[in-house]
Amino acid sequence: MESNRFLSVLNVSKSFRGLAAISNVSLELNPGEILGLIGPNGAGKTTLFNLITGFLRADSGEIEFLGKNLVGLEPHQICKMGITRTFQIVKPFSHLSTLENVAVGCYNRTADLKEAEEKAWEIVQFVGLNKKALDPASSLTTPDRKRLELARALATVPRLLLLDEVMSGLNPTEEHEIIDLVRKIREAMGLSDRIVVIHHGVCIADGDPRTVGEDNSVIEAYLGKGAYLAKD
Amino acid sequence: MREHQPQESCLGRGLSWQKWLIIGLIVAALHFLPWTFPPQYVHIMIMIFLFTIMGQGWNILGGYAGQFSFGHSLFFGLGAYTSTLMFVHWGLSPWIGMVFSCFIGIMMGLFVGYLSFRFGLSGPFFALIMLAFAEVFHMISISWKAVGAALGLLIPLKGTSIALMQFVDKKPFYFITLWMMIGALYLVWRMEKTRMGLYFLAVREDNDAAEALGVNTLKYKMVAMTLSAGLTSIGGTIYAQYLLYIDPDITFGVMNSIEILIRPIIGGPGTVLGPLLGSLVLTPLAEFTRLAFQSYGGVYLMIYGAILVGVIMFLPDGIMGLAKRVFYKMRKEVG
């Protein structure tokens, strides 16, 4: 196997008490692209995230990042290697200020207080939380908590950012704000799009957003058999 | 300068010279206190300082790193017994004994800590494991003749000697405990402003989120345990030298664990001054009610219970939490 791949997940399976949550999922991620991992509720998206970031250990299969095996590593080691995830259910450090929350992420790359604080201000400004930088995270609204989750992850200087349902629980206006923020990150890094669909723990489609949207098995997974997509 | 970013550092904020001056004046005033106070009040001050040191020990693990220990008497007892046995049997100076106490306390802490934290035990489970280990040593010290069994150990008074940490007068203990307390407060105050201090808080607030951001949570819990166990063991040694008597109940007993943890909780867990404030309120209260209700031994425990219920209901962040709220309100009203 060539070792210069960015992220490769190969035949990974994970079951909980005999119930397969992820079975034989393989996917490749290239440097510089945004990969959308979609699927209906309970498809196994979060489980796959947990497997990649070390919160769960795969039963079988290989996960490699830049030629190094990730299976068996602790989450903080994987974070040091450059993979940072956010949580679907946000986990702010409630009693700490927004700035301190972000500073925890900054300390991933530096032990120096001044440097960490400088970087934290930069990121707080980038995600638009600078007015609330000194407020406790518990006082933030849901969309702001999502921003904070993103900000903390960015602060660790990741090479690969795994966003787990950054939009869940938001109304359309708030969703657009987060989308704008993700676009901003994309522009800053020059990324392109691709989508992978998983359903019942199995990978069922892989391609650019338009092809995937027209794929019959994807339509079936979301809308049921017999559904069709009105084409223009 | 970015928008909304204040001039001064927000993570590593130091104290203004006015505050340093006030602290300096208070510390200076404390040095004259033993000559103006009657001996029984000096005794209460010593107990306040001593329980602040141990409360600060508990605070590092329980208040900052969020690992609630219900068995810190384990370290207190190990500290008290180690130095006392070395002194009684080998005549070793308690100052050197204190180093051994510290070492043994830390080893024990790392052992119990690794057992629990390796498997992600926290909250009530960790609290009970600490209680269980404290009780194991309680039982051993009750039944083992070589360490005095249930009768405990009397430390022979050999007269005033700095090397033996024995003084007929209370004043030297006053200064020893005062400066150790200042040291403990300074240590935690410095710690708050480092990466380690912030990592402790992150671990307390959310273990998984901290891991995801690159914090080696197991390592930092073990570091917190080391500092906590060491500080509490030192407190145990001084306590033994001061009272010249230890027995299983007053060292390893459950009540002692509660005595250690109740002060930082009431004062404000996870704050530098919390253990001191809690100790200032509770220690005199405990001593006076003990005097007032001599024939009813448990009255001060009932008062502790009532205070604890009140604090948990109305001041979940302790006295420091209240002070911070009042302070912010005042500042907002002013401008």
Residue ID - nearest to residue A:70 (Cα to Cα), chosen from residues in the stretch A:11-28 that are surrounded by 15 or more Cβ atoms within 10 Å (Cβ to Cβ) and in contact with an Asp or Glu (Cβ under 8 Å, 6 or more places away or on another chain): A:12
Checklist (1) modelled with pLDDT of 95 or more; (2) open to solvent by 20 Å² or more (accessible area, probe 1.4 Å) applied to residue B:105, failing item: (2)
Options B:61, B:21, B:30; residue that is in a helix (DSSP H, G or I) and either open to solvent by 50 Å² or more (accessible area, probe 1.4 Å) or touching a strand residue (DSSP E or B) at 6+ places or on another chain (Cβ under 7 Å) (or both): B:21
Residue satisfying condition, being among the aliphatic types (A, V, I, L, M) and within 10 Å of chain A (Cβ to nearest Cβ), within set B:243, B:227, B:231, B:213: B:213
In the stretch A:92-146, the residues that are among the charged types (D, E, K, R) and over 15 Å from residue B:209 (Cα atoms): A:109, A:112, A:114, A:115, A:117, A:118, A:119, A:122, A:131, A:132, A:135, A:144
Among (1) within 21 Å of the chain's Cα centre (by Cα); (2) away from chain A (no Cβ under 14 Å), the one test that residue B:15 misses: (1)
Top-ranked residue of the stretch A:87-119 - restricted to ones that are touching a residue at least 12 places away in the same chain (Cβ under 8 Å) and more than 8 Å from chain B (Cβ to nearest Cβ), ranked as farthest from residue B:196 (Cα to Cα): A:88
Out of B:303, B:262, B:319, B:307, sole residue that is assigned to a helix (DSSP H, G or I), open to solvent by less than 40 Å² (accessible area, probe 1.4 Å) and in contact with a helix residue (DSSP H, G or I) (Cβ under 8 Å, 6 or more places away or on another chain): B:262
Residues (more than 12 Å from chain B (Cβ to nearest Cβ) and either surrounded by fewer than 21 Cβ atoms within 10 Å (Cβ to Cβ) or on the phi > 0 side of the Ramachandran plot (or both)) located in the stretch A:46-62: A:46, A:57, A:59, A:60, A:61, A:62
Of all residues making up the stretch A:80-111, the number that are open to solvent by less than 10 Å² (accessible area, probe 1.4 Å), touching a Lys or Arg at 6+ places or on another chain (Cβ under 6 Å) and either within 21 Å of residue A:142 (Cβ to Cβ) or in a helix (DSSP H, G or I) (or both): 5
Options B:53, B:46, B:96; residue that is β-branched (Val, Ile, Thr) and under 25 Å from residue B:192 (Cβ atoms): B:53
Subset of the stretch A:33-45 [open to solvent by 40 Å² or more (accessible area, probe 1.4 Å) and either in a helix (DSSP H, G or I) or farther than 15 Å from residue A:202 by Cα (or both)]: A:34, A:35
Test: residue A:147 is over 30 Å from residue B:325 (Cα atoms), open to solvent by 20 Å² or more (accessible area, probe 1.4 Å) and among the basic types (Lys, Arg): no
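The values are calculated or read from the model by the stated rules, or taken from the named source; none is laboratory data. As the structure is a computational prediction, the values presented were derived from the model and not from experiment. Glycine gets a Cβ as well: all are built from the backbone with ideal geometry, and neighbour counts include every protein chain shown. These accessible areas exclude ligands, DNA and RNA; they are computed on the full protein's heavy atoms, side chains included. Shrake-Rupley method; radii C 1.70, N 1.55, O 1.52, S 1.80 Å.
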